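**Student:** First the structure, which I've put down as structure tokens, then a few questions once you've had a look.
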Amino acid sequence: MELSAGRMRKTILMIDDDADQREITRKILGAHGYQFAEADSCEEGLKFTLQYQPHLVLLDYLMPGMTGADFLHELTSNPHYKAVSETPVIMLTARTRNEVNQARLFQMGLRMYLEKPFNSHELINVIENVFALNDMRQRNRELEQRIKLTEYKYQDIIENANDLIFTLNAAGEFVFINRRLSVLTGYLREEWKDRPLLDIVLPEDRSTVEVNFKNTLKGKSRIFEMRIPGHNGRVLYLSTNINPILEHGEVTGCVGIARDVTQRKKLEQEITDLKNFNESVIQSIGSGLITLDLEKRITSFNQAAEEILGWRANEVIGLYLEEALPPEEVQRLLPQTEWRDAKDSSLLHREMEITRKDRKRIHVGYTVSSRRDNRNQHVGTIISFRDISQIKQMQAEVLRMDRLASLGVLASGIAHEIRNPLAGIKTVAQTLEEDLEEGDGKREYLARIIRQVNRMDELLRTLFSYARPQSPVRRPYKLQDIINEVKGLMLQRFERANIRFEEIYAEDLPLVLVDFHQTQQVFINLFLNAIDAMSGGGSLTIHARPVTKPPSRGDRRGKRFHEPQRNGRFAEVRVSDTGEGIPRENMQAIFDPFFTTKPQGSGLGLSIVYRIIEEHRGHIHVESEPGKGTTFSLFLPVEE
Ligand code: ADP
């Protein structure tokens, strides 16, 4: 037997004891391009099959010795022929099929039956069918193999996946669970099976899971987060994706993939905590804080900044700084040079006046520094500032006190020097007056000289007492007693000026701890000024009540600038008139010595009041509205 070179021809082995039949068949097969081999007995046939490994065997059923059935049995069940046991066999027989136990033959692996006599057509047809079937079988087997392999592969992937993979039926109960799920939760797989997914979700998350599951049953895929208890009480955060499982267009359940994001959640939580912490620190510090990006757009604006500048954060975040502050102020505020390296981010400390949203101008002390990212690149600016208007005001007051003190020294010197010669003048004038006759018209001149000298002396005495203030001798008094005394001196003037005098005292007003005479002096000066201010009549009201704290100076905007050392109990005495009021531009000056708006005024009254109150460690505060009236509030120390 030979194989022609080149194209692989299929070999067919015919086993038949009939030589004519073999000859005919050889011709037919040869004509159709098959290689032909022959054997005249089953014994030889088995040998050749093993030797030539033919693609097909044509086997006669009835032969002397071994029958076709015996051949088949040997071929398919004897391990000796294992290598060729799959060779397709076509049985040729002259007998009708009924006489042969066909079923048994097919069980043994017979592929096809062909009854003799057959024509060439029938033979080739059957052979080709068997080859085609064989090919198909072969391919099927390979396919099966391949499917099995892929199945294994997928099963392996699913089983050992890092994600949790599960399927649920339409009732939301577990059907399949991969290993990861039981590893993470510590529950055995059997314990999961048939349990509803909802059972294992933390109660707080159940409604979320339910809504998402229901949506999946409607054919949508869903992503959501849920928490389940892990073993040893840990809570696991699962980022879950569920997709519907469709069978014949109907949703029969869903497949879910869940990723354990507990670690990420923890980090997220830590970041949020840190952010909240930073935010609360920034919000709670007393200084105003504004951050800007590189284009000078406002990126944050804390609570203190809101209070100091009068803008709400949500009004200004995103605006350019120039839109919240006048451009010339921005120019002063920010450094004109670019920030280059880390050394440049040294703070700039300065003071300036700045305009609030309500156009009021306030003094701020501020520092500007560079905001840097983790690579130390300049990415913006941080401005931190405080309202120092009150500090400025206090500085001004200290200055005023200084001025008063040095003026005091000067005044006391002058007063002393002038009072002596004045006394001389007065003595001479009095002597001259006595020398003149009763009816002498010149006596009137001398009387006038003496009156003017007296007035000058009075003025000098005031100046002197101002310059050399006696330290107050403080004793507890009823405020009403002091006012009564003053009222006695003033009543006539009140009547003349058509002024109503009213007093309101709180019942629980404690005794005031003051120098009686100096306090009297205070009220006399205040009342005289009130009378001057109400030329057309009006009312003067005393309103006294106990308070625990003096007000902070100026307005209440900068809440953080209380003066703690002076807190305590006080009697607040408000002296209000309904007079002409004090123009805004004079407010700063009224306590200055010699500041007066009156032709005959000395300008010393209020500066003495101020000084006496300071000596008492009290406070004085003035509010006035031109045309409506003025209120002086005194805070006098009380008996503890
Ligand atoms: P004088 O009364 O001699 O002018 P003061 O020091 O007592 O000096 O007062 C200074 C100035 O303050 C007054 O000239 C007046 O302009 C203003 N003033 C003080 N008290 C009042 C008041 N009750 N109403 C209006 N203006 C006042």
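**Student:** With 111, 180 as the choices, which residue is surrounded by 14 or more Cβ atoms within 10 Å (Cβ to Cβ) and touching a helix residue (DSSP H, G or I) at 6+ places or on another chain (Cβ under 7 Å)?
**Tutor:** Details: 180 fails: touching a helix residue (DSSP H, G or I) at 6+ places or on another chain (Cβ under 7 Å).
So the residue among 111, 180 that is surrounded by 14 or more Cβ atoms within 10 Å (Cβ to Cβ) and touching a helix residue (DSSP H, G or I) at 6+ places or on another chain (Cβ under 7 Å) is 111.
**Student:** So residue 568 clears everything in (1) away from the ligand (no atom under 16 Å from the Cβ); (2) modelled with pLDDT of 90 or more except one condition, right? Which one?
**Tutor:** It is condition (2) that residue 568 fails.
**Student:** If you take the residues in region 590-613 that are aliphatic (A, V, I, L, M) and in contact (Cβ under 8 Å) with a residue 60 or more places away in the chain, which one is nearest to the ligand (Cβ to nearest atom)? Quick ask: steps written out before the conclusion?
**Tutor:** Filtering region 590-613 down to residues aliphatic (A, V, I, L, M) leaves 590, 604, 606, 608-609, 612-613.
Next cut, in contact (Cβ under 8 Å) with a residue 60 or more places away in the chain only: 604, 606, 608-609, 612-613.
Values: 604: 6, 606: 3, 608: 8, 609: 7, 612: 13, 613: 13 Å.
Per the criteria, the residue is 606.
**Student:** Out of everything in region 488-541 that is closer than 16 Å to residue 576 by Cβ and more than 16 Å from the ligand (Cβ to nearest atom), what residue ends up being surrounded by the most Cβ atoms within 10 Å (Cβ to Cβ)?
**Tutor:** Ranking the qualifying residues of region 488-541, first place goes to 505.
**Student:** For residue 188, which of the numbered conditions (1) of a type in the set (A, V, I, L, M); (2) surrounded by 14 or more Cβ atoms within 10 Å (Cβ to Cβ); (3) farther than 15 Å from residue 257 by Cα fails to hold?
**Tutor:** The failed condition is (2).
**Student:** Could you list, in sequence order, the residues of region 580-632 that are at positive phi and either modelled with pLDDT of 90 or more or surrounded by 15 or more Cβ atoms within 10 Å (Cβ to Cβ) (or both)? Can you show your working first?
**Tutor:** If we filter region 580-632 for residues that are at positive phi, which is where we start, we get 581, 594, 603, 617, 627, 629.
Within region 580-632, 581, 603, 617, 627, 629 meet the criteria.
**Student:** Select, from 412, 370, 384, the only residue that is at negative phi and modelled with pLDDT under 85. Spell out the reasoning first.
**Tutor:** On the way: 370 fails: modelled with pLDDT under 85; 384 fails: modelled with pLDDT under 85.
Exactly one residue qualifies, and that residue is 412.
**Student:** Let me ask another. Would you mind finding the one in 290, 298, 271 that is touching a Gly at 6+ places or on another chain (Cβ under 9 Å) and at pLDDT 90 or above?
**Tutor:** Working: 290 fails: touching a Gly at 6+ places or on another chain (Cβ under 9 Å); 271 fails: touching a Gly at 6+ places or on another chain (Cβ under 9 Å).
Matching residue, one of 290, 298, 271: 298.
The values are calculated or read from the model by the stated rules, or taken from the named source; none is laboratory data. Here the structure is a predicted model, which is why all the values come from computation and not from measurement. Backbone-built Cβ (ideal geometry, glycine too); neighbour counts: all protein chains shown.
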